[in-house]
Amino acid sequence: MDAILNVWKPVGWTSFDVVKKIRRYVRPSKVGHAGTLDPFAEGVLVLCVGKMTKKVESLMDHEKEYVATIQLGQETDTLDTEGKVVKEKNIPPFSTGLIEGVLNDFLGESTQIPPMYSALKVNGKRLYELARQGKVVERKPRKIRISEIQLLESDSNSIKIRVKCGRGTYIRVLASDIAKRMNTVGFLKSLVRTEVGEFNEQDSMSVENVVEWLSAKA
């Protein structure tokens, strides 16, 4: 089989869990995905099957859209819900206008330092492996591009945003950086990837539906 599948990754699954599940139904064809989603996140995961695996790299270059909720006042070591709280700071009063001003500062090209809890390799070691050993190593800033960023809602200790960004952008780091610009700390409370290029939430299929479709074609 040669196909590109728009799958909705559920919370609690790794991206490889989805690949492994689908792989059972398309052997001997190869299966790859075009951009990892963390286990705590959900959303569009584009899978490439068979000869379409050649398109993985080009698909990863497509813009991605996310809806993210940032918890303010606390920071975790992983910058998301899976870590432990390592820092707390008061949340100063803020208005909608202040938040929107902060968000606008992130539009366009900038640099971002990859988080320690990431799959990037330094000297042959995954950063998250080093982080789990309590080690912190120097990471070089990387160029990122944010084409759209919008405040969706907010309350006294959290904000919800929509972000459209280029390859290599860590939304966890963006969440932390936004909180710092608001003179507090923060971590990513929830993350939903709603688009990868032309592939969107509305056209995605659940893992179960993909399995049913593949089984019917077998």
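Summary of values
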| quantity | calculated |
| --- | --- |
| Amide N of segment 142-161 lying under 16 Å from the label point, which is placed 7 angstrom from the Cα of L107 along Cα→Cβ | 145-152 |
| Low-density loop positions, trypsin sites (Lys or Arg not before Pro), segment 2-98 - DSSP coil, at most 14 other Cβ in 10 Å | R24, K84 |
| Environment charge at V122 (Cβ cut-off 12 Å; Lys +1, Arg +1, Asp -1, Glu -1) | +4 |
| Overall Cα dimensions of the chain - principal axes, largest extent first, Å | 58, 38, 28 |
| Three-way shape label, segment 17-129, alpha-carbon gyration tensor, a/c 1.5 | prolate |
| Segment 57-136 and segment 189-206: distance between their alpha carbon centers, rounded to Å | 20 |
| Listed residue pairs exceeding 31 Å between alpha carbons, taken from K9/K54; K121/K217; K89/K135; K54/K189; K9/K121 | K121/K217; K54/K189 |
| Under 14 Å, Cβ to Cβ, from I144 - net charge with Lys/Arg +1 and Asp/Glu -1 | +3 |
| Those lysines that a straight Cα-Cα span of less than 17 Å connects to K51, excepting residues fewer than 8 apart in one chain | K30 |
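Taken together, the values in this text are just the output of simple stated rules run on the coordinates, not laboratory data. These figures come from a predicted structure and were not determined experimentally. Neighbour counts run over all protein chains shown; Cβ positions are idealised from the backbone, glycine included.
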